[in-house]
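The values are calculated or read from the model by the stated rules, or taken from the named source; none is laboratory data. Treat the numbers as computed from the prediction; the structure is a model and nothing was measured. Cβ atoms come from the backbone with ideal geometry, glycine included; neighbour counts cover every protein chain shown. In case anyone asks, the SASA skips ligands and DNA or RNA and just uses the protein heavy atoms, side chains included. Shrake-Rupley method; radii C 1.70, N 1.55, O 1.52, S 1.80 Å.
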Amino acid sequence: MKKGLVKWFTGLTIGALLLTTVGCGGGSAPVADSGSQSEAAKIGVISYLTGGGAAYGEAIKEGLDLAKDEINAQGKVKIELVYMDSRGEKTEAINAANKLINKDNVVGIIGPTLSGEMFAAGPIANQSGVPIMGTSTTAEGIPALGDFVFRNALPEFLAVPQAVEKAISKYDLKKVAVMYSNNNDWAVSGYKTIEKTLKENGVEIIATETFADKDTDYSAQLTKIASLKPDAVMVSSLYQEAALVLKKAREIGITVPFVGTNGFNSPELIKIAGQAADGAIVASPWFPGKADEKVQKFIADYKAKYNNKVPDQFAAQSYDALYLYASALEQAGSTTDRQKLRDAIATIKDFQGVTGKFAFDENREPVMGATVLIIKDGQFTELK
Ligand code: 1QQ
């Protein structure tokens with residue numbers, strides 16, 4: 001019995017060696033090909049993959065999958081992604097984080113999609129010593145959750161002032177109305193930044209109206225706003241709600257510009273709102289019209305993989321996030337050491353992604369630029 005086992009093992013080893021040698025094309029030194037799968041760095045992904053905001057999660061997944069294929073083909077580090085669908089729910093994000101950390105033993109996490117989910121799941125990863133990076137979490141206070149918490153999304157405190165101030169000067173805004181979803185942590189944070197920016201610029205807020213995620217009827221708020229004749233309306237909400245607000249507003253004759261927060265950055269807003277989305281303004285680190293070689297190659301590769309679809313901001317940010325992880329993994333020299341990975345991420349200073357030049361500052365906040373965009377004829381274009 002024992003002898004048989006030894007023989008079996010010997011046969012297996014010789015077989016593996018032969019396979020490896022053949023696989024290497026003879027001349028080169030044998031590499032441990034058979035072990036490479038288990039050496040892949042396991043990264044967990046928590047994303048909003050089904051439900052009302054699934055277009056965000058779908059784009060994030062597409063960006064990650066493309067980056068993973070490229071990184072694995074380049075061969076410097078190998079990455080395996082383990083996906084969890086949190087459906088935009090805090091409790092699901094918590095469950096996903098616990099599973100990824102304790103059952104799947106991931107070395108790091110990407111996501112969750114919403115800031116509210118990160119406020120719930122981030123502290124769990126942090127306490128477990130697992131690096132976690134949001135690619136779309138833009139509310140104030142995310143990296144403050146702890147040393148293991150990162151984001152490569154443009155925070156609203158950087159994005160909103162650019163969009164609001166550009167709109168103020170472009171349209172000579174004196175009095176505006178503001179609307180936001182008051183049960184969404186990120187939307188509330190975005191609203192606060194809008195309010196602060198308007199006050200700093202001496203613009204009067206003539207109405208502040210609230211609603212909740214998943215609301216479908218905005219007539220009461222918009223009828224009131226219409227009667228006050230604002231120069232613009234500023235809205236902080238996800239695309240689903242924002243699209244319905246825009247539709248209703250145009251329907252009742254509100255033709256002024258709208259300024260949005262990060263939720264506006266999905267093309268799904270345009271798909272749902274149609275022509276009503278025209279005139280909506282938002283700041284983004286992503287602009288597919290950039291004449292940058294890296295940007296254009298990413299767009300071409302993405303279109304080739306996904307049926308001619310043009311990547312949106314959420315795809316671009318997740319694509320960059322996986323490259324950030326890959327470069328940190330390489331620097332850490334380990335596919336399993338969570339502390340080393342965290343330390344390597346924290347030192348990233350001169351990364352060049354498809355969303356531009358990127359660095360983490362001493363508080364792990366992204367240092368990155370933005371473009372102010374306006375939707376014109378159903379397309380995001382640069383607002384100059
Ligand atoms: C956040 C956001 C959302 C728009 C992500 C989809 O920015 O929750 O922070």
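Here is the size of the chain from its Cα atoms: Rg then Dmax, 23.5, 91 Å. Segment 235-290 and segment 103-144 have their alpha-carbon centroids 27 Å apart. Computed from the C-beta positions of ASP69 and THR216, the FRET efficiency with R₀ = 45 Å rounds to 0.70.
Considering only ALA97, ALA125, ALA40, the mean-square fluctuation computed in a Gaussian network model of the chain, springs between alpha carbons under 10 angstrom, is largest for ALA40. Between the helical axis of 2-23 and the longest alpha-carbon principal axis of the chain there is an angle of about 60 degrees.
Relative to the longest principal axis of the Cα atoms of the chain, helix 54-74 runs at roughly 30 degrees.
The ellipsoid that matches the Cα gyration tensor of segment 69-180 has semi-axes, each √(5λ) in whole angstrom, of 33, 18, 12, with the longest given first. Comparing GLY111, GLY75, GLY57 in a Gaussian network model of the chain (Cα springs below 10 Å), the most mobile by mean-square fluctuation is GLY75.
Seen from all directions on average, segment 298-381 presents a Cα convex hull projection of 7.0 nm². Full extension of the segment from THR91 to TYR171, taken as 0.36 nm per residue of separation minus the current Cα-Cα distance, would add 24.6 nm.
Write down the Å³ per residue value for the convex hull defined by the alpha carbon atoms of segment 179-240. Working shown, then result.
Numbers: hull volume 4.6 nm³, N = 62.
Taking the convex hull of the Cα positions in segment 179-240, it is 75 Å³ per residue.
Pairwise Cα distances in segment 157-284 exceed 21 Å in 29 percent of cases. In this label model, VAL367 and THR50 are separated by 4.3 nm, measuring between points 7 Å along each Cα→Cβ vector.
Which of the pairs LYS42/LYS340; LYS196/LYS290; LYS192/LYS357; LYS214/LYS271 have their Cα atoms more than 21 Å apart in this structure?
Working: LYS42/LYS340 15 Å; LYS196/LYS290 30 Å; LYS192/LYS357 27 Å; LYS214/LYS271 17 Å.
Listed pairs above 21 Å: LYS196/LYS290; LYS192/LYS357.
Rounded to the nearest 0.05, the FRET efficiency derived from the C-beta distance between GLN275 and ASP337 at R0 = 41 Å is 0.20.
Taking only Cα atoms, what is the 0 to 90° angle, nearest 10, from helix 293-305's long axis to the longest principal axis of the chain? The helix 293-305 is inclined about 80 degrees to the chain. In the full protein context, segment 157-284 carries 40 Å² of accessible surface per residue, based on a 1.4 Å probe and ignoring ligands, DNA and RNA. For the residues ILE110, ILE345, ILE272, a GNM of the chain with alpha-carbon springs under 10 Å puts the largest fluctuation on ILE272.
Set the Förster radius R0 to 30 Å, insert the Cβ-Cβ distance between GLU39 and LYS294 as r into 1/(1 + (r/R0)^6), and round the FRET efficiency to 0.05.
Working: r = 28 Å, r/R0 = 0.94.
So the FRET efficiency works out to roughly 0.60.
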